[in-house]
Amino acid sequence: MGMKKLIDALAQGSSLTEKQWEELIAGQTEELAEYAAEKARSIREKIYGKTVFTRGLIEFTNYCKNDCLYCGIRRSNSNAERYRLSEEEILDCCKQGYELGFRTFVLQGGEDGYFTDDRITDIIKKIKAKYPDCALTLSIGEKEKESYQRFFNAGADRYLLRHETADEAHYNTLHPEELSLRHRMDCLWNLKEIGYQVGCGFMVGSPGQTVGTLAKDMKFIEELQPQMVGIGPFVPHHETPFAKETAGTVKQTLYLLSLLRLLKPNLLLPATTALGTIDPRGREKGILAGANVVMPNLSPTTVRKKYELYDNKICTGDEAAECRNCLNNRMQSIGYVLVIDRGDPRER
Ligand code: 5AD
Ligand code: FES
């Protein structure tokens with residue numbers, strides 16, 4: 001089958017084999033990417049129109065017990081200045097965010113033992129009591145199913161846990177021995193079973209990634225049927241073992257965003273900060289490739305620079321209000337509009 005035929009088949013809801021995914025990903029050209037992007041935009045606009053959902057990201061701790069080889073806040077990075085936000089600071093972020101029109105808050109952090117299930121549950125309850133019209137997303141890593149259930153019962157709506165790669169050998173080159181793909185995937189299935197809206201995802205261009213591993217990512221996503229998928233380019237961090245590796249590319253990230261939109265039309269798909277970091281118009285390009293979410297930061301500027309997963313992260317000096325404005329303008333410049341909305345998946 002020709003490449004455009006494969007894209008047509010995907011757009012019509014056919015399932016591609018792993019081999020076909022490999023061909024499609026390996027066959028990327030300017031022309032094919034534009035073909036995919038046009039179809040992705042049109043499907044996205046049928047479901048979501050020109051609206052872009054926004055999430056207020058609160059990076060509440062950069063302590064982490066893990067040692068992922070790509071990540072700037074890995075435990076071995078003794079040069080990272082560690083911080084935790086207090087419950088009061090977190091609630092302040094929500095207040096500011098609410099006033100700016102955010103109706104989803106994302107609590108993201110390293111795997112930090114200080115934040116026990118009791119503490120997390122307490123924070124969830126307080127946020128949901130104050131902002132019952134907002135969705136709450138957690139992004140705090142691998143936990144026991146019982147913990148996920150407690151957070152859900154306390155009011156959490158969504159959970160982000162990127163699978164990072166669906167290829168076991170590749171997974172093991174990105175992570176220390178104590179982490180496993182099996183456990184990661186178990187977590188994702190548990191989250192789904194509990195009833196969360198779930199997000200998985202991966203970095204584009206991570207060291208060791210191939211069309212083969214990417215094809216497995218696409219098949220895994222097809223199987224899991226997550227409501228959200230987060231992808232952004234791998235960007236090296238100078239204090240990690242991957243300091244000298246090359247970053248992922250804008251073009252491949254955009255192409256994969258389009259393919260993801262075609263794979264799952266109503267997906268909540270962010271144009272990520274990492275994409276905005278490697279290209280000044282990366283997020284606009286991401287939206288035009290089929291993404292429909294942006295996730296600016298609500299953390300206090302005093303800690304922004306410290307949550308550095310990769311080098312040169314954007315927006316580390318900007319107040320939440322500035323980012324909100326900036327994104328309003330950016331979206332407007334391409335004919336899209338940021339909306340005040342929880343931003344749940346729409347059925348088509
Ligand atoms: N480059 C790009 N993305 C990264 N992440 C972690 N480190 C990097 C990096 N160096 C991503 C991971 C993680 C998410 C929170 O950030 O995919 O799941
Ligand atoms: Fe933060 Fe543009 S989004 S300054």
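The values are calculated or read from the model by the stated rules, or taken from the named source; none is laboratory data. The shown structure was predicted, so the numbers you read here are calculated from the model rather than taken from an experiment. As a convention, Cβ positions derive from the backbone with ideal geometry for all residues, glycine included, and neighbour counts pool all protein chains shown. We work out accessible area using only protein heavy atoms, side chains counted, and drop any ligands, DNA or RNA first. Shrake-Rupley method; radii C 1.70, N 1.55, O 1.52, S 1.80 Å.
Does residue 271 satisfy the criteria of being without any contact (Cβ under 8 Å) to a residue 24 or more places away in the chain and either away from ligand 1 (no atom under 14 Å from the Cβ) or open to solvent by less than 10 Å² (accessible area, probe 1.4 Å) (or both)?
yes
Do we have any residue at all in segment 167-185 that's at pLDDT 95 or above and more than 29 Å from residue 242 (Cβ to Cβ)?
In the first step, residues of segment 167-185 are kept if they are at pLDDT 95 or above; the result is 167-185.
Then keep just the ones that are more than 29 Å from residue 242 (Cβ to Cβ); that gives none.
For segment 167-185, residues at pLDDT 95 or above and more than 29 Å from residue 242 (Cβ to Cβ): absent.
Would you check which residues across segment 38-69 are more than 30 Å from residue 321 (Cα to Cα) and either open to solvent by 10 Å² or more (accessible area, probe 1.4 Å) or polar (S, T, N, Q) (or both) and list them?
Hits for segment 38-69 are 38, 39, 42, 43, 46, 65, 66, 67, 68, 69.
Before we move on, is residue 247 within 11 Å of ligand 1 (Cβ to nearest atom) and not in a loop (DSSP other than H, G, I, E, B)?
No; evaluated as a whole, the condition is false for this residue.
Within segment 92-141, can you find the residues that are aromatic (Phe, Trp, Tyr), over 22 Å from the mean Cα position of the chain (by Cα) and within 20 Å of residue 340 (Cβ to Cβ)?
Within segment 92-141, just 131 meets the criteria.
Go through (1) in a loop (DSSP other than H, G, I, E, B); (2) open to solvent by 40 Å² or more (accessible area, probe 1.4 Å); (3) among the aromatic types (Phe, Trp, Tyr) for residue 115 and report which single condition fails.
It fails just one condition, (2).
For segment 155-177, check the following and say yes or no: at least one residue is closer than 20 Å to residue 227 by Cβ and loosely packed, with under 15 Cβ neighbours inside 10 Å.
Just the residues of segment 155-177 that are closer than 20 Å to residue 227 by Cβ, to begin with: 155-164, 166.
Subset that is loosely packed, with under 15 Cβ neighbours inside 10 Å: none.
Among the residues of segment 155-177, not one is closer than 20 Å to residue 227 by Cβ and loosely packed, with under 15 Cβ neighbours inside 10 Å, which makes the answer no.
Is it the case that some residue within segment 138-146 is away from ligand 1 (no atom under 16 Å from the Cβ) and touching a Phe, Trp or Tyr at 6+ places or on another chain (Cβ under 8 Å)?
no
For segment 225-247, which residues satisfy the criterion of being more than 16 Å from ligand 2 (Cβ to nearest atom), free of Cβ contacts under 8 Å to residues at least 60 places away in the same chain and touching a Leu at 6+ places or on another chain (Cβ under 9 Å)?
Hits for segment 225-247 are 226, 229, 231, 233.
Answer with yes or no whether residue 286 is within 16 Å of ligand 2 (Cβ to nearest atom), open to solvent by less than 10 Å² (accessible area, probe 1.4 Å) and in contact with a Leu (Cβ under 6 Å, 6 or more places away or on another chain).
So residue 286 passes the test.
For the subset of segment 322-334 comprising residues that are polar (S, T, N, Q) and more than 9 Å from ligand 2 (Cβ to nearest atom), which member is most open to solvent (accessible area, probe 1.4 Å)?
332
Being open to solvent by 50 Å² or more (accessible area, probe 1.4 Å), of a type outside the set (A, V, I, L, M) and more than 10 Å from ligand 2 (Cβ to nearest atom) is the requirement here; does residue 342 meet it?
Considered against the rule, which asks whether it is open to solvent by 50 Å² or more (accessible area, probe 1.4 Å), of a type outside the set (A, V, I, L, M) and more than 10 Å from ligand 2 (Cβ to nearest atom), residue 342 comes out as yes.
Step by step: first the residues of segment 21-73, then only those that are without any contact (Cβ under 8 Å) to a residue 40 or more places away in the chain and of a type in the set (S, T, N, Q), then the one that is nearest to residue 90 (Cα to Cα). Which residue is that?
42
Can you tell me which condition residue 181 does not meet? The list is (1) under 30 Å from residue 342 (Cβ atoms); (2) among the hydrophobic types (A, V, I, L, M, F, W, C); (3) open to solvent by less than 20 Å² (accessible area, probe 1.4 Å), and all the others hold.
Tallying (1) under 30 Å from residue 342 (Cβ atoms); (2) among the hydrophobic types (A, V, I, L, M, F, W, C); (3) open to solvent by less than 20 Å² (accessible area, probe 1.4 Å), residue 181 fails exactly one: (1).
Would you mention how many residues in segment 289-321 are on the phi < 0 side of the Ramachandran plot, buried (at least 16 other Cβ atoms within 10 Å of the Cβ) and either acidic (Asp, Glu) or in contact with a Cys (Cβ under 6 Å, 6 or more places away or on another chain) (or both)?
Result for segment 289-321: 7.
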